[in-house]
Amino acid sequence: MKKKISIACVVVLVVIAAILAVISGYSEKEKNQLIEQIERYCLESKPCDKYDLEDEINRINEKRQIGKELTSEEHFVLGFHQYVLQNYNTSLEEFISAMTVQKNDTNTFVKVGTGYYINSILKSEDRIEDGVSYLSIIMDELTPQEWNEEIDIIMCYLNTFEEIEKGRTSALKILNTILQSKNWLDPITIINIESCIANFSMYNTNYALALEKNYSVVSESKKIREQYFLARATADLGVTYFYMGDLQSAQKYLEDSLKVEITDNVENANLKTYALIKLYQVSYCSGNYNTIFSVRKRIEKTYSYLSEEKVKSLDFFNSICVAGYYLVNKDVDSAKVQLENAETIIGSQNMEMSTDSKLLYYITLADYNMNDENYQVAVTDYVKALDLSNQTYNYIYKKCILKKMAELYRKSGQTKLADNFSSILESVYDEELRTMNESISQYAKEKYDKEVTIYKLSSERIKKYSIALIAVMVFIVLVVIFYMKLRSLENLNKLDGLTKSFNRGHFNKKYREYMSRKQNFYLIMFDIDNFKILNDTFGHVFGDKVLKEIVKAAKSMIGIYGEIFRYGGEEFVVLIKYLGEEEVVRMAEELRNYIENRQWDEDILVTISVGIAGTSEERYDILEDADRRLYFSKKNGKNRITYQE
């Protein structure tokens, strides 16, 4: 009898254990399903099931009330719930608790998602740098398999460090470390990692490495027919060239990326938005707006797949670009309407503005105020833009702003300040060239160290294959170094050593380019009057100073609308685009008047004679016209401008 009772008790205990296991299993399954919903919310903006979330929150709170320790996943769910409710302080506490109690078997999305949401909160409080200290805690223990499984959230998390130098440096270390396990990584994971390395390297001004990684992603994407990353890497090549100051290559690659069709409509729309926004920035800095407006019309069909926030972002950049176009054409009233549109978008949508969007906004606002002769307000906006440009390592923006500030001070009669900003501009050109050379050196050293390490660690058998691989890598390195060095030499070879204006050889090339385009342009040719007498009387040192000061003044007045070239001796040529006849003649007259009234150390009057010519629908050699008109100015009293004889 006792034996039967014992057996019955065992059976009851087994049944109870089974029931508890089933209940626990359902609970665990429901919890995992909820985390999957949160992941879709994070990556795809798909809402979570309200009742699933509430049920899980109630269960976790009951567990907490009876004093049981919560898992990392449970802290994460509580943190997410508070995040959605916008209780950010409580949310941050829960996410930090989730990170603190993480274990090896913690859900990978929870591990990385914790860091992502911590950074989202810190960024909203302008404390994103605090998130760097958590980076290694979250990422160091991830296995290659976990990278493969959760590469999307990993990239989202790492990209939150994009604008923080310390964060980029730490993230690059993590990315390069996981790449050492390349054999265990999926091709798409490797492409993601190399794309991220390219992006961070560009922000770190290591342009050579950024180019290499992007070209590698383009090549690998073609192999596995991954259209999204093909388009993304092509766009990123354009962005890298933009940061390097090569606007022509930047525009080409960005336009090429827009031609790549991606099957997923949402991904296609998002990528095209990314490329178009970058193209807006290139167009703004080059002053060539014709392409951008036609491209926008071409991709408007993708708008229905964009989030409202991204549509607003596109509309913002479009308003800024159109305002810039109107300002170039001296239509201040229309520009004001577009700026008001941009301000409405910012205000009504509480739009989170990137550094680039703030930059363009303040530059355009300053341009508008300068055109409206509200110089003090314009200076304030230019200074804001200049401060932002120092955060981007983008010399294009910095040079653009400094040119405009020199032009503004020249217009308002503050010649000393104009000269100061022209000097700063020259130092920025020197800094840009130095950065480019440092980029080449850093890239070459990193590649050399890497290949030496591989060679030393290889066995004799692997060495046979490594030598061939190293030869290929060295070839790639040499090609990229050659390109970067060529760019540096090209920049040096374009310039006149004394005045830092472009030289005659570069003029001949640019003049042919201008003549081959359909767009009309103007050519200003000017010559310093009686320069030989000035040189013979006061010496070549003073003569050189006059040449440099006149070029500095001309650069600040020309601004972004043209380029100045030393044609020979004391003779200079200016090519002007995007301005009308009246503005070009006015600009030349301002330069002539400034030089005539400038005070020199020596008690002497310096003047220039000017000839101006412009193209029409029928192309002909306007250089001859400008030269003939310059001669006419010389012959008829000097210190004058001739446009129509």
Inset, instruction - Specify whether the C-alpha gyration tensor of region 144-249 places it in the rounded, prolate or oblate class, a ≥ b ≥ c being the square roots of the eigenvalues: rounded for a/c under 1.5, otherwise prolate if a/b is larger than b/c and oblate if not. - result: oblate
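Over 23 Å between Cα atoms, which of LYS577/LYS634; LYS358/LYS577; LYS166/LYS272; LYS403/LYS494 qualify?
Numbers: LYS577/LYS634 26 Å; LYS358/LYS577 26 Å; LYS166/LYS272 30 Å; LYS403/LYS494 19 Å.
Correct reply: LYS577/LYS634; LYS358/LYS577; LYS166/LYS272.
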Legend entry - Separation of alpha-carbon centers, region 367-403 and region 107-163, rounded to whole Å: 34 Å
Inset, instruction - Determine the shape class of region 52-149: with a ≥ b ≥ c the square roots of the Cα gyration tensor eigenvalues, call it rounded for a/c under 1.5, and otherwise prolate if a/b is greater than b/c, oblate otherwise. - result: oblate
Inset, instruction - Could you give the spread of the C-alpha atoms of region 504-642 along their three principal axes, from largest to smallest, in whole angstroms? - result: 46, 29, 23
Legend entry - Residue (of VAL546, VAL574, TRP600) at the positive-pole extreme of region 504-642, dipole from beta-carbon charges: VAL574
Legend entry - Cα shape, region 229-366, gyration tensor, a/c 1.5 rule: oblate
Legend entry - Links that overshoot a 25 Å alpha carbon limit, given the list LYS213/LYS259; LYS545/LYS638; LYS278/LYS416; LYS548/LYS638; LYS310/LYS404: LYS278/LYS416; LYS310/LYS404
Legend entry - Extension gain, VAL383 back to ASP256 (0.36 nm per residue minus Cα-Cα distance, nm): 42.3 nm
Inset, instruction - Provide the per-residue ³J(HN,Hα) series for region 595-607, in order, calculated from phi with Karplus coefficients 6.51, -1.76, 1.60 and θ = phi - 60°, each as a whole number of Hz, with x at glycine and proline positions. - result: 5, 4, 9, 6, 8, 10, 4, 7, 7, 8, 9, 10, 9
Inset, instruction - Give the distance, in whole Å, between the Cα centre of region 570-645 and the Cα centre of region 178-223. - result: 51 Å
Inset, instruction - Give LYS103/LYS123; LYS68/LYS111; LYS173/LYS312; LYS398/LYS532 a once-over and call out the pairs whose C-alpha atoms are over 25 Å from each other. - result: LYS103/LYS123; LYS173/LYS312; LYS398/LYS532
Inset, instruction - State, to one decimal in nm, how far the label point of GLU373 lies from the label point of PHE632, with both points 7 Å from Cα in the Cβ direction. - result: 3.1 nm
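Just so you know, all these numbers are worked out from the coordinates, no wet-lab data involved. Please read these numbers as outputs of a predicted model, since none were measured by experiment. All Cβ positions, even for glycine, are placed from backbone atoms using ideal geometry, and neighbour counts span all protein chains on display.
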